[in-house]
Amino acid sequence: MTSPATPLISVTGLARHFAVRRDLLGRPIAVVRAVDGVDFTVRKGETLGIVGESGCGKSTTARLMLKLIEPDAGEIVFDGAEVGGRDLPLKEFRRQAQIVFQDSYASLNPRLTIEASIAFGPQVHGLPARQAVERARALLARVGLEPARFAGRYPHELSGGQRQRVNIARALAFEPRLLVLDEAVSALDKSIEAQVLNLLVDLKEEFGLTYVFISHDLNVVRFMSDRVMVMYLGKVAEIGPADAVFATPRHPYAGALLRSMPSMDPDNRTEEAPISGDPPSPINPPPGCRFHTRCSLAEPVCAQRAPVLGGGDHGVACLMHEAGSGHSRAVGAAA
Amino acid sequence: MTLFLLRRLLYALPIVLGVSLVCFALVHIAPGDPLISVLPPDATDEVRARMMAAYGFDRPYHEQFLLWAWRALHGDLGMSIATARPVASEVIRAVGNTLILAVAATVIGFAFGLLFGVVAGYFRDSWIDKAASTLAVVGVSVPHYWLGMVLVIIFSSELGWLPATGMGPSGSSGWVPDLEHLKHLALPALTMSVIPMGIVARTTRALVAEILSQDFVGALRAKGLSEGGVFRHVVKNAAPTAIAVMGLQLGYLLGGSILIETVFSWPGTGFLLNNAIFQRDLPLLQGTILVLALFFVVLNLVVDVVQTLLDPRIQRA
Amino acid sequence: MSVLTSARPQVVAIEASEGYWRSVLRRFLKDKVAVAAAIVVLAIVLAALFAHWIAPMDPYAGRTFRRLRPIGTEGFPLGTDELGRDMLSRLIVGARMSLLMGVTPVLIAFGIGSVLGIAAGFIGGWFNTAVMRTVDVFYAFPSVLLAVALSGALGAGLGNAMLSLTIVFIPPIVRVAEAVTTQVRARDYVEAARASGASALTIVRVHVLGNVLGPIFVYATSLISVSMILASGLSFLGLGVRPPEPEWGLMLNTLRTAIYVQPWVAALPGLCIFVTSIAFNMFSDGLRSAMDVKA
């Protein structure tokens with residue numbers, strides 16, 4: 001094993017375009033730039049939250065980093081080893097990096113008992129069936145489902161919260177190091193959501209896991225994450241420590257997004273909508289900075305020049321934070 | 001719009017090519033010598049070779065196919081081996097007769113199928129609905145050649161109301177719109193109409209039931225629209241699908257008429273196919289199948305286009 | 001990882017849930033029409049299997065003096081045919097050939113069509129395009145026409161007729177198999193299985209087959225009804241079984257000349273085809289609704 005300082009996963013230049021319309025000869029005429037050049041790292045033992053409006057590429061990013069979708073471009077390095085390379089075959093990477101999806105029912109094969117669903121993964125990786133079933137029952141108990149009652153049931157006999165516990169157990173059965181939670185609690189009732197979140201926090205501690213936590217719910221992300229990445233139209237707008245991003249957002253989009261959070265304080269009400277309208281279509285996105293069509297601080301230069309993600313620990317992709325970018329609020333040369 | 005038409009046409013081309021290939025292959029999957037029925041059993045090898053060359057059977061397959069397809073494009077489907085007449089003219093005459101039968105059957109089947117379907121969909125789970133549903137199952141499960149026989153037994157043999165076979169009096173093989181010809185048409189058309197009737201009834205019932213359960217119908221009723229008004233909306237929404245089903249059924253009947261034509265000695269394509277098969281007249285078999293299949297492809301295309309034009313919900317991308 | 005690796009085998013009685021197929025059976029048994037249809041189908045199959053024991057007389061032995069006796073004749077409850085053979089015996093023995101000709105092609109087509117369709121749906125890409133475009137070509141022929149064309153070209157005979165019908169039924173089964181598989185492939189549990197690192201073959205075996213074979217099979221059973229009609233139709237045209245073998249379609253053909261003498265005797269073989277076809281149809285409908293319930 002490499003040193004604790006080596007990032008668990010590091011992604012550079014990740015991109016995936018989907019052709020949505022084709023001409024008579026099958027050549028694409030319209031392309032969705034679902035994920036368009038994304039860089040980030042996840043450190044060992046931390047939780048990276050990914051937020052953004054629906055359609056911003058959060059889920060695609062998750063699937064790309066797990067190679068569930070083949071990226072058009074980009075490099076994925078897992079604990080210092082190239083995924084799919086000689087040191088880390090794809091199959092071993094799959095064992096170490098698991099995912100829990102949003103739809104708890106669709107994630108479970110309706111024809112298998114939940115015990116069989118959980119035991120499937122370890123068996124793929126060579127564990128004998130008997131031991132795999134034992135592991136499945138132990139994990140069911142760990143996620144709070146009594147094995148004697150639940151092991152032989154089918155997915156449709158469980159509630160949404162119970163099914164999502166099963167899905168977590170299914171992912172943990174691989175003994176993974178990285179767990180991607182793709183809107184894993186978004187479909188649950190608020191009270192159940194809180195229980196599952198607490199379970200996730202405990203499991204992380206117990207099994208020494210690293211999380212990538214994707215959600216559109218900012219409160220939940222704030223509760224779970226050590227660091228936060230804000231995405232807009234297939235690109236990273238801002239990334240940094242959760243406290244810093246939530247306290248002092250640097251990207252106008254991140255600021256607007258946070259101001260749209262419902263506040264518990266009646267004196268601190270949001271008076272006007274911080275952002276209005278829907279994001280532009282990711283088919284042929286706006287040139288320059290993708291947010292300039294909705295940004296209150298946009299200047300002509302924003303439509304011409306694409307910002308680059310910079311700024312170290314608390315990174316931002318905005319011309320206002322690029323020295324000499326031509327934006328009137330750009331920081332000084334030394335920034 | 002033009003792009004949409006172009007796309008559909010372009011999509012149909014490989015199908016037409018495939019259909020021609022299958023028809024061409026029919027002659028070559030046939031066991032034995034394709035000339036078996038024209039050559040005397042004691043023909044010398046030299047005569048056989050000359051005949052093979054005359055029909056083009058001695059060339060490699062791809063050359064034969066291209067030659068055959070090229071000629072077919074110019075309306076030349078070869079010569080019937082049994083009658084030595086051009087296949088194309090035989091087929092055209094027969095297709096006309098089959099078309100009369102198929103159109104009559106489609107109209108009858110569609111009218112009754114629509115009636116049963118709408119009634120069943122409107123009064124769901126009532127006895128009318130159950131009766132109509134049963135009729136639909138019967139319609140698709142009945143061997144129509146047997147139904148034809150039963151109708152002949154009842155209306156010709158027992159009651160003596162309608163003629164049992166043929167297209168007109170004294171073996172007429174050309175259609176004249178008079179009472180005698182209509183009487184001859186009645187039984188085969190009625191028999192054939194049962195096939196689309198069941199399917200149309202089933203489709204219409206599902207369609208009407210689905211439309212009635214949609215929110216906008218509830219809104220119309222809440223608005224105070226009369227049941228007649230609601231019905232008009234239902235018809236407007238069901239029409240595109242219904243027309244599509246009708247067009248496809250007409251195509252099926254054209255191609256599927258062989259059994260019924262055999263029962264009623266109707267001088268159409270089925271009759272022609274029957275002759276072609278039993279005289280092992282392969283060019284005639286091939287030509288008839290090609291024409292019928294292409295007819296079906298074109299009909300599909302037309303139905304597709306008409307349905308899209310009628311239904312604003314289908315994107316013409 | 002202590003919890004996982006050190007877990008001692010727990011000796012607990014696992015509460016068994018009702019499996020999917022048992023719940024299908026329970027729902028099917030509640031459907032009276034479907035059960036009645038299933039009983040009819042079973043009766044016909046049993047009659048066909050034990051035909052030679054059940055048939056009261058020799059179905060091949062005819063006497064010219066007793067030709068075309070009406071229904072209800074003493075010793076010949078369903079009359080005699082144009083060669084004086086006992087209709088009841090011929091109808092019972094005829095079930096063998098009619099069922100064989102009607103069911104076998106669907107079964108073979110189910111096997112071949114499922115493999116092709118599931119492969120096309122799961123693999124996708126150019127393989128899918130190649131398979132589905134070929135299927136489209138066969139869809140350009142109405143099924144009766146294709147069956148007649150193929151058996152006409154191949155020549156009369158039992159084997160050729162069944163071969164033609166098999167070819168007729170492969171394309172529709174491929175279409176259904178492909179559609180169902182494409183749907184299942186997009187489900188999250190298949191994606192989760194891919195994320196497990198399992199090979200494509202394992203994913204298909206464990207996660208795809210169990211979810212697609214049921215619907216494809218139900219569809220195939222609905223084709224048996226059509227197949228029975230088409231198979232007997234081919235015999236009716238003289239393209240299937242050869243005389244003197246009893247087969248419903250062929251019997252209908254040879255008795256055609258007798259409809260002015262003994263019309264109802266002549267209509268009997270068709271009635272058998274009709275009853276079998278409708279029974280299979282309702283059986284299939286019942287199976288479909290028993291399996292359709294969200295499990």
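For segment A:154-174, filtering for residues that are facing chain C (nearest Cβ under 7 Å) and surrounded by fewer than 20 Cβ atoms within 10 Å (Cβ to Cβ) leaves 2. With respect to the conditions (1) within 14 Å of another protein chain (Cβ to nearest Cβ); (2) in contact (Cβ under 8 Å) with a residue 40 or more places away in the chain, A:Gly84 lacks only one, and its number is (2). Looking only at segment A:56-70, which residues are in a loop (DSSP other than H, G, I, E, B) and either among the acidic types (Asp, Glu) or in contact with a Gly (Cβ under 9 Å, 6 or more places away or on another chain) (or both)? The answer is A:Cys56, A:Gly57, A:Lys67, A:Glu70. Taken over segment C:240-293, residues that are outside any helix (DSSP H, G or I) and surrounded by fewer than 24 Cβ atoms within 10 Å (Cβ to Cβ) amount to 10.
Of the residues making up segment C:147-163, those that are surrounded by 24 or more Cβ atoms within 10 Å (Cβ to Cβ) and either β-branched (Val, Ile, Thr) or more than 7 Å from every other protein chain (Cβ to nearest Cβ) (or both) are C:Ala147, C:Val148, C:Leu150, C:Ser151, C:Ala161. Residues being touching a Gly at 6+ places or on another chain (Cβ under 9 Å) and crowded, with 22+ Cβ neighbours inside 10 Å are entirely absent from segment A:77-87. Filtering segment B:208-231 for residues that are under 30 Å from C:Ser235 (Cα atoms) and free of Cβ contacts under 8 Å to residues at least 40 places away in the same chain leaves an empty set. Can you tell me which residue within segment B:13-26, out of those that are surrounded by 13 or more Cβ atoms within 10 Å (Cβ to Cβ) and more than 9 Å from chain C (Cβ to nearest Cβ), is farthest from C:Arg133 (Cα to Cα)? That would be B:Phe24. Quick one: B:Ala242 ticks every box in (1) within 14 Å of chain C (Cβ to nearest Cβ); (2) in contact with a helix residue (DSSP H, G or I) (Cβ under 7 Å, 6 or more places away or on another chain) bar one, so which box is it? Answer for B:Ala242: the failing condition is (1). Segment C:105-220 holds helices (runs of 4 or more DSSP H) entirely within its bounds, and those carrying 1 or more residues that are among the acidic types (Asp, Glu) map to C:125-139, C:158-185, C:188-195.
Of all the criteria given as (1) in a helix (DSSP H, G or I); (2) away from every other protein chain (no Cβ under 14 Å); (3) not charged (D, E, K, R), the one not satisfied by B:Leu187 is (2). Condition check: at negative phi and surrounded by 14 or more Cβ atoms within 10 Å (Cβ to Cβ). Does A:Ser54 satisfy that? So A:Ser54 does not fit the description; no. For C:Ala267, the stated conditions do not hold, so it cannot be described as within 11 Å of chain B (Cβ to nearest Cβ), touching an Asp or Glu at 6+ places or on another chain (Cβ under 8 Å) and within 16 Å of B:Met149 (Cα to Cα). Candidates are the residues of segment B:263-279 that are in a helix (DSSP H, G or I) and more than 10 Å from chain C (Cβ to nearest Cβ); the one that is farthest from the chain's Cα centre (by Cα) is B:Asn275.
Taken as a whole, the structure leaves A:Ile69 outside the set of residues that are of a type in the set (Val, Ile, Thr) and crowded, with 21+ Cβ neighbours inside 10 Å. Condition check: closer than 30 Å to A:Ser10 by Cα and either more than 8 Å from chain C (Cβ to nearest Cβ) or buried (at least 21 other Cβ atoms within 10 Å of the Cβ) (or both). Does A:Leu181 satisfy that? Against the criterion (closer than 30 Å to A:Ser10 by Cα and either more than 8 Å from chain C (Cβ to nearest Cβ) or buried (at least 21 other Cβ atoms within 10 Å of the Cβ) (or both)), A:Leu181 qualifies.
What number of residues in segment A:91-138 are of a type in the set (A, V, I, L, M, F, W, C) and over 24 Å from the mean Cα position of the chain (by Cα)? The qualifying residues number 12. Given the criteria free of Cβ contacts under 8 Å to residues at least 60 places away in the same chain and away from chain C (no Cβ under 14 Å), does B:Asp129 qualify? Against the criterion (free of Cβ contacts under 8 Å to residues at least 60 places away in the same chain and away from chain C (no Cβ under 14 Å)), B:Asp129 does not qualify.
Checked against the criteria, A:Ala151 counts as without any contact (Cβ under 8 Å) to a residue 40 or more places away in the chain and facing another protein chain (nearest Cβ under 7 Å).
Restricting segment A:46-81 to residues that are within 14 Å of the chain's Cα centre (by Cα) and among the β-branched types (Val, Ile, Thr), the residue that is farthest from A:Met229 (Cα to Cα) is A:Thr60. Applying the selection to segment C:67-94, what residues are without any contact (Cβ under 8 Å) to a residue 12 or more places away in the chain and assigned to a helix (DSSP H, G or I)? Within segment C:67-94, none qualify.
Residues in segment C:177-199 that are of a type in the set (A, V, I, L, M, F, W, C) and surrounded by fewer than 20 Cβ atoms within 10 Å (Cβ to Cβ) were compared, and the one that is nearest to the other protein chains (Cβ to nearest Cβ) is C:Ala186. Taken together, C:Leu68, C:Leu4, C:Leu29 contain a single residue that is away from chain A (no Cβ under 14 Å) and modelled with pLDDT under 75, which is C:Leu68.
Residues checked against (1) more than 30 Å from B:Ala164 (Cα to Cα); (2) at pLDDT 80 or above; (3) of a type in the set (Gly, Ala, Ser):
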{"residue": "B:His233", "(1), (2), (3)": "yes, no, no"}
{"residue": "B:Ala238", "(1), (2), (3)": "yes, no, yes"}
{"residue": "B:Met246", "(1), (2), (3)": "no, yes, no"}
{"residue": "B:Gly251", "(1), (2), (3)": "no, yes, yes"}
{"residue": "B:Ser257", "(1), (2), (3)": "no, yes, yes"}
{"residue": "B:Val263", "(1), (2), (3)": "no, yes, no"}
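A:Leu112 - would you say it is within 11 Å of chain C (Cβ to nearest Cβ) and either crowded, with 24+ Cβ neighbours inside 10 Å or acidic (Asp, Glu) (or both)? Against the criterion (within 11 Å of chain C (Cβ to nearest Cβ) and either crowded, with 24+ Cβ neighbours inside 10 Å or acidic (Asp, Glu) (or both)), A:Leu112 does not qualify. Annotation note: Cβ proximity below 6 Å between a residue of segment A:168-180 that is β-branched (Val, Ile, Thr) and a residue that is not in a loop (DSSP other than H, G, I, E, B) (sequence gap 6+ or interchain) occurs for A:Ile168/A:Val100; A:Val180/A:Ala62; A:Val180/A:Ile99; A:Val180/A:Val212.
Residues in segment B:280-312 that are outside any helix (DSSP H, G or I) and either within 15 Å of the chain's Cα centre (by Cα) or within 11 Å of chain C (Cβ to nearest Cβ) (or both): B:Arg280, B:Asp281.
The values are calculated or read from the model by the stated rules, or taken from the named source; none is laboratory data. Model, not experiment: these values are computed from the prediction. Positions of Cβ are generated from backbone atoms using ideal geometry, with glycine treated the same way; all protein chains shown enter the neighbour counts.
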